[in-house]
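Presented below is the structure to which this report refers.
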Amino acid sequence: MSYVDGFVVAVPTENKEKYIKHATLAAEMFKDFGALQVVEAWGEEVPEGEVTSFPMAVKAKQDETIVFSWVVWPSKESRNAGWQKMMNDPRMDPENNPMPFDGKRLIYGGFNMIVDL
């Protein structure tokens, strides 16, 4: 089965176009380095929870929008190799390509796919 990296981040709403540009470059690189699919989804209906929620998880501010993303890889091994290439690529240097959000509040994880219909 495939391997998935998942991400949730709060992006300043005014940075939407900057985020799209940043995410498009990253998506092209992920694909170049072996990813099968890259999805970036701009939040539209992302409610605040009483106990937990996406906004609470990333400490979203009033002027921020939640982005939910995932990258599908053929395997964990291909994901590890792809990430290594990403981290060594000068296009991802924060000096050349600054993140248009607070990376300290990004949540992410790697997951083994268990159902894929």
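Values for this structure:
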quantity: Percent accessible area from carbon and sulfur atoms, the chain, protein chains only, probe 1.4 Å; calculated: 55 percent
quantity: Among Gly103, Met87, Asn15 - extreme Cα towards positive end, dipole of the chain, charges at beta-carbon; calculated: Met87
quantity: Global geometry of region 64-117, whether rounded, prolate or oblate, following the gyration tensor of its Cα atoms and the 1.5 cut on a/c; calculated: oblate
quantity: Relative contact order of region 33-82, defined on C-alpha pairs under 8 angstrom at six or more residues apart (%); calculated: 55 percent
quantity: 3J(HN,Hα) from dihedral phi, region 75-90, Karplus parametrisation 6.51/-1.76/1.60, rounded to Hz, x for glycine, proline; calculated: 6, 5, 4, 5, 5, 4, 5, x, 5, 4, 5, 4, 5, 8, 7, x
quantity: Most mobile of Val46, Val11, Val38 in a GNM of the chain (Cα contacts under 10 Å); calculated: Val46
quantity: Karplus-derived 3J(HN,Hα), 6.51/-1.76/1.60, for each residue of region 41-51, Hz, glycine and proline x; calculated: 10, 7, x, 10, 10, 10, x, 5, x, 8, 10
quantity: Within region 1-74, GluC sites (Glu not before Pro) in DSSP loop having at most 11 other beta-carbon neighbours inside 10 Å; calculated: Glu44, Glu45, Glu48, Glu50
quantity: In nm, spacing of pseudo-spin labels at Ile20 and Ala57 (7 Å Cα→C-beta vector); calculated: 2.5 nm
quantity: Accessible solvent surface per residue of region 26-117, calculated while the other protein chains remain in place, 1.4 angstrom probe, Å²; calculated: 70 Å²
quantity: Mean separation of Cα contacts under 8 Å, 6 or more apart, over the residue count of the chain: relative contact order %; calculated: 49 percent
quantity: Cα pair distances of region 18-102 binned at 10 Å [whole percent]; calculated: 15, 40, 32, 13, 0
quantity: Charge dipole magnitude, Cβ of K and R +1, D and E -1 - the chain, Cα centre, debye nearest 20; calculated: 320 debye
quantity: Gain in span if fully extended, Met92 to Leu36, counting 0.36 nm per residue against the direct Cα distance; calculated: 18.2 nm
quantity: Built amide H within the under 5 Å cut-off of Ser75, gap 5+; calculated: Tyr3
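The values are calculated or read from the model by the stated rules, or taken from the named source; none is laboratory data. These numbers were taken from a predicted model, which means no experiment stands behind them. All Cβ positions, glycine included, derive from the backbone under ideal geometry; neighbour counts span all protein chains shown. The protein model used for the area step is the full one, side chains on, heavy atoms only, and it has no ligands, DNA or RNA in it. Shrake-Rupley method; radii C 1.70, N 1.55, O 1.52, S 1.80 Å.
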